[in-house]
Amino acid sequence: MHRSVHVADYTMIICCYFRVRSAIFLRQCKAKYLKMAGRRVTLKAIDWMAFAERVPPNQKTMFNALKTRSDAIAARLASLPEKPAVIDWNYYRTAVAKAGLVDDFEKKFSGLKVPEPADTMSSKIDAQEKEALEKLRNMIPFDQMTIDDLNEAFPETKLDEKKYPYWPHKPISEL
């Protein structure tokens, strides 16, 4: 017997959706799309229109808050300079009393090379992203979803009524 999805279930669905999208976004930022060693940070564009189509009407405020925060972060990243400010060593030579100290710091600073880590996770992240996006694209629309469909699409929402016979059918530590 199929039951219809209630408002609380919509909340759970959208929370799961946001968790998947935000996890994918964070992995993209950390692993693939943050370029290191002073180069300009570039982010992969998010298809906000397709994302908005999947959000139920009662969750639009959460979606708008997420989009606003994402846009603010992207604008802040875009405002950063491509290269860091150049150190004026001559100024420090005149301001520091101890002779040779600034020259020593300049030599050590210019000799400092921060190794860029090898990218070993991008292919795995891309595969996870494609899998998650394909799952979300092929998902039944929220307003047509039953509890069984919800549990199939998001297994973590399935309640264990046998192990935990009393509502909310989860251990108290998970509430």
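Only the coordinates and a few stated rules stand behind these numbers; no lab work does. Just so you know, these numbers come straight off a predicted model, no measurement behind them. Cβ sites come from the backbone with ideal geometry, for glycine too, and all protein chains shown count toward neighbours.
Details
- Treating r as the C-beta distance of Phe51 and Lys113 and R0 as 41 Å, the FRET efficiency rounds to 0.50.
- Gain in span if fully extended, Asp149 to Lys67, counting 0.36 nm per residue against the direct Cα distance: 26.8 nm
- Mean Cα-pair separation over length for segment 60-175, i.e. relative contact order, pairs under 8 Å, 6 or more apart, %: 8 percent
- Stokes-Einstein translational diffusion, segment 54-105 - Kirkwood Rh over all Cα pairs, 1.306 mPa s, 10 °C, in µm²/s: 103 µm²/s
- Temperature 25 °C, viscosity 0.890 mPa s: under these conditions the Stokes-Einstein estimate for segment 69-158, based on its Kirkwood radius over C-alpha pairs, is 126 µm² per second.
- Extension gain (nm, one decimal) between Arg137 and Asn90, 0.36 nm per residue minus Cα-Cα: 11.0 nm
- For segment 66-175, with +1 on Lys and Arg beta carbons and -1 on Asp and Glu, the positive-most of Met139, Gly111, Tyr91 along the dipole: Tyr91
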